[in-house]
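Chemist: Sharing a structure here in structure tokens format.
The values are calculated or read from the model by the stated rules, or taken from the named source; none is laboratory data. Note that the structure is a prediction, hence the values are computed from the model and not measured. Neighbour counts are summed over all protein chains in view; Cβ atoms, including those assigned to glycine, are modelled from backbone coordinates with ideal geometry.
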Amino acid sequence: MAPVRFGRGGAEDRSDKASRRRTARHVWREKKRSHTTARERVAGGDVRELGRQITGVVSGVHKSRCTVTDELGDEFSCVWTRAALGEGIETPVVGDRVSAGVAADGTGVLARIEPRCGRLARMRLVNSDRFAPVGEEHVLAANVDVAVIVVAAVSPPFHPRLIDRYLVLCRHGGIEPLLCLNKADLADELPDLSPWERLGVETLTTSATTGAGIEGLRGRLRSKWAVLTGASGVGKSSLLNALTARFEPGSVSEPAATAEVSAATGRGRHRTSASSLIRLGEDTVIIDTPGIRSLSVWQIERESLRLYFPEFDAVTLACRFNDCLHVSEPDCGVRAGLENGEVSGERYESYLRMLE
Ligand SMILES: Nc1nc2c(ncn2[C@@H]2O[C@H](COP(=O)(O)OP(=O)(O)OP(=O)(O)O)[C@@H](O)[C@H]2O)c(=O)[nH]1
Ligand SMILES: [Mg+2]
Ligand SMILES: [Zn+2]
């Protein structure tokens, strides 16, 4: 599959650019005006004044507006008011189930965001004071059943630590993880996924380029709400494109933008800049997310972190202390398990790094 390439040749006419900018500004002003009107119309708090009530799902979020797609696939550009936000919900995110009052011009106001079940969230640092860091939860996708943790066989490099962090977040958010090793076509020897398979994590090997493994992935995601997540450049958007290529027609919008991996750094350049939701059929939904550089798991207390490592359960029985953190305590079952091979060294290393 040919990647969608961005960036221009440089031969662009200046006046052309200026006129496009003017048009964009005009469109923006128009949009702004219509949103203000929608907000005003709902000033009394009665969304029914807007005309029609719809239910749908948030398929995109852009600063102060979000796109809501209804059951028929029609899109509405909605603003929201405080009243629409539920407990613990600061803003709508992609995947949220919502109801809205909409007007004939395609704009509307969210009336309610349904409570979320299954969410993939990380922690974002608001203040990085070493002694009193302040973070806020950053929900990447709401109402998902499955998180497809995409890793690349070669480039960007394979990071076991990142996989383990994702597994903790999945367990925390009540989502099933699916580990997807993409770019299998590029590797002579594939990274070993058996440490995670032993934990009962389902794995798949794919190539968005050759199509290998795509059928398996498609079958696995049927009738599920899934989020594609992972580092930048691993091929999330390419996988989405490969999946949509042969899905039931009529439900799929434009191809997701994909990016080249920078030859200089081996890192992906961020291509997908905002999460988007694609309906692949009646009850199959896939959310593509921007690549993440780092994942923080520190909303989970240090004392609770071990609960997210299920393979520690049995060996923990041998720890002398009930509240053993398995770091330097005497008679620790986990460290004994490390020595006799019951606990994977890689996983223990991930655990220690997350404890830091
Ligand atoms: N050889 C090979 N290249 C792939 C494969 N999947 C993706 N690529 C390429 O890898 C690059 C990055 O792919 P994207 O799909 O944009 O990656 P992404 O994970 O969506 O990246 P972000 O949007 O930045 O998070 C593109 O050049 C793709 O063509 C694959 O299976 N094999
Ligand atoms: Mg992408
Ligand atoms: Zn211990």
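Chemist: Would you mind stating whether ARG306 is farther than 19 Å from LEU120 by Cβ, more than 16 Å from ligand 2 (Cβ to nearest atom) and buried (at least 19 other Cβ atoms within 10 Å of the Cβ)? Break it down into steps so the answer makes sense when it comes.
Modeler: Working: farther than 19 Å from LEU120 by Cβ: yes; more than 16 Å from ligand 2 (Cβ to nearest atom): yes; buried (at least 19 other Cβ atoms within 10 Å of the Cβ): yes.
So ARG306 fits the description; yes.
Chemist: Now, a different point. Step by step: first the residues of the range 323-356, then only those that are among the acidic types (Asp, Glu) and near ligand 3 (Cβ under 10 Å from one of its atoms), then the one that is nearest to PRO310 (Cα to Cα). Which residue is that?
Modeler: Start the filter on the range 323-356 by keeping residues that are among the acidic types (Asp, Glu), which leaves 323, 329, 331, 339, 342, 346, 349, 356.
From what is left, the residues that are near ligand 3 (Cβ under 10 Å from one of its atoms) are 323, 329, 331.
Working: ASP323: 16, GLU329: 20, ASP331: 20 Å.
Looking at residues that are among the acidic types (Asp, Glu) and near ligand 3 (Cβ under 10 Å from one of its atoms), I get ASP323.
Chemist: Looking at GLU282, GLU303, GLU349, GLU342, can you tell me which residue is of a type outside the set (A, V, I, L, M) and touching a Pro at 6+ places or on another chain (Cβ under 9 Å)? Break it down into steps so the answer makes sense when it comes.
Modeler: Working: GLU282 fails: touching a Pro at 6+ places or on another chain (Cβ under 9 Å); GLU303 fails: touching a Pro at 6+ places or on another chain (Cβ under 9 Å); GLU342 fails: touching a Pro at 6+ places or on another chain (Cβ under 9 Å).
Of GLU282, GLU303, GLU349, GLU342, the one residue that is of a type outside the set (A, V, I, L, M) and touching a Pro at 6+ places or on another chain (Cβ under 9 Å) is GLU349.
Chemist: Tell me, which residue of the range 323-342 that is closer than 20 Å to PRO195 by Cβ and acidic (Asp, Glu) is nearest to the chain's Cα centre (by Cα)?
Modeler: Here is the first cut: in the range 323-342, the residues closer than 20 Å to PRO195 by Cβ are 326, 333-342.
Within this subset, residues satisfying the condition of being acidic (Asp, Glu) are 339, 342.
Values: GLU339: 36, GLU342: 32 Å.
Here the answer is GLU342.
Chemist: How many residues does the range 141-167 contain that are under 21 Å from ILE286 (Cα atoms) and modelled with pLDDT under 90?
Modeler: Taking the range 141-167 and keeping what is under 21 Å from ILE286 (Cα atoms), we get 141-152, 163, 166-167.
Next, from what is left, pick out any that are modelled with pLDDT under 90: none.
Here the count works out to 0.
Chemist: With the requirement that a residue be buried (at least 23 other Cβ atoms within 10 Å of the Cβ) and under 30 Å from GLU301 (Cβ atoms), what does the range 93-118 give you?
Modeler: Hits for the range 93-118 are VAL93, VAL94, GLY95, ASP96.
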